[in-house]
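A.B. asks: This is the structure I want to talk about, given as structure tokens.
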Amino acid sequence: IPICIRSKDPEEFVHAVELISYSFGGINLEDIAAPLCFEIERKLKERLDIPVFHDDQHGTAIVVGAALTNALKLAGKRIDNITAVINGPGAAGLAIARLLLQMGIGNLILCDRDGALYEGCPRNDAEQKAVVGMTNKLGIRGTLAEAMKGADVFIGVSRPNMVTAEMVRSMSEKPIVFAMANPTPEIMPEEALAGGAFIVGTGRSDFPNQINNLLAFPGIFKGALAVRAAAINDEMKLAAASGIAGLVDDNALCPEYILPDPFDRRV
């Protein structure tokens, strides 16, 4: 049941949801921008005894986790040995970072429009500080292009045309590029492939490997409701990512097919 609340005041929003929550088995938050989305989700989780889930954050993170699991399997790389660059440290970018850290990623570099974020960076907001302290092990302070040199994975949740074929060419062997800005990705698939990308995913359905939170939602809610869960926690998100990845059979797995179709009933 889609419900719109005519307020941009986070406390008003939280109070309205709290008042109607007894009619529902779970609350999905949709299209709430950072940083208010973090405060709203946190307060609702504290006050409600039903699952609260911000799809744009955690749904996206789960699907990226699934896509990366299968991409690394094809590339013959281990997650604890790779470096990934996330461009766009907003709601989705920070959620992806948190989930990849839970998955044991070797190194992660978050970039905003001015380049790499590092511990003590004056551009870090409160939410970014909590994540940045666990990332960028080499203390890189340069541009996105500099951060991508030698990286194994690029994950874009930012703006169109941020990445060039030359930047992809500077990455590690068998680079993985998830350019998810919509409708125009950070780099178009043909340009990424021309730059030597091994696997390319976007947020669009007209290219192979659509990385879209539709794959995670509403399935994760179906599971939560089935067991009458009071929350959707990190273990459930990791299990969902693993479950989605596991729906692609090893004999079908290839660079153009790393995720199941959203309309596959097994999803």
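A.B. asks: What relative contact order, as a whole-number percentage, does the chain give when Cα pairs under 8 Å and 6 or more residues apart are counted?
C.D. replies: Values: 492 pairs, mean separation 49.9, N = 267.
Computed over the chain, the figure is 19 percent.
A.B. asks: What helices in the chain pass both tests, a Cα length along the helix axis of 30 Å or more and a mean Kyte hydropathy of 0.0 or higher, using whole DSSP H runs? Please report the intermediate quantities before stating the final value.
C.D. replies: Working: long enough: none.
Helices meeting the criterion: none.
A.B. asks: Antiparallel DSSP bridges in the chain: what percent, to the nearest 5? Before the final figure, lay out each step's value.
C.D. replies: Working: 3 of 24 bridges.
In the chain, approximately 10 percent of DSSP beta bridges are antiparallel ones.
A.B. asks: What label, among (i) 17; (ii) 35; (iii) 24, belongs to percent of Cα pairs over 34 Å apart computed from the structure on display?
C.D. replies: So the structure-derived entry is (i).
A.B. asks: Sticking with this one: Which of these, L100, L48, L144, has the largest mean-square fluctuation under a Gaussian network model of the chain (Cα springs below 10 Å)?
C.D. replies: Of the options given, L48 has the highest mean-square fluctuation.
A.B. asks: Right, here's the next one. Given a 1.4 angstrom probe, I'd like the percentage of the accessible area of the chain that is carbon and sulfur, rounded to a whole number. Write down the numbers at each step before the final one.
C.D. replies: Numbers: 6770 of 12800 Å².
The computed percentage sits at 53.
A.B. asks: Can you compute the charge dipole magnitude of the stretch 24-157 about its Cα centre, using +1 on each Lys and Arg Cβ and -1 on each Asp and Glu Cβ, nothing else charged? Give it in debye, rounded to the nearest 20. List each step's numbers first, then the result.
C.D. replies: Values: 14 positive and 16 negative charges, 102 e Å.
So the magnitude is around 480 debye.
A.B. asks: What are the lysines whose alpha-carbon lies under 19 Å from the alpha-carbon of K129, with same-chain residues fewer than 8 places away excluded?
C.D. replies: Within the straight-line cut-off, K129 pairs with K137.
A.B. asks: If you average the sequence gap of Cα pairs under 8 Å that are 6 or more apart and divide by the length of the stretch 128-267, what percent do you get for the contact order?
C.D. replies: On the way: 201 pairs, mean separation 22.7, N = 140.
Reported relative contact order: 16 percent.
The values are calculated or read from the model by the stated rules, or taken from the named source; none is laboratory data. None of these values were measured; they are calculated from a predicted model. All Cβ positions, glycine included, derive from the backbone under ideal geometry; neighbour counts span all protein chains shown. Protein only, heavy atoms only, side chains kept; ligands, DNA and RNA dropped before computing areas. Shrake-Rupley method; radii C 1.70, N 1.55, O 1.52, S 1.80 Å.
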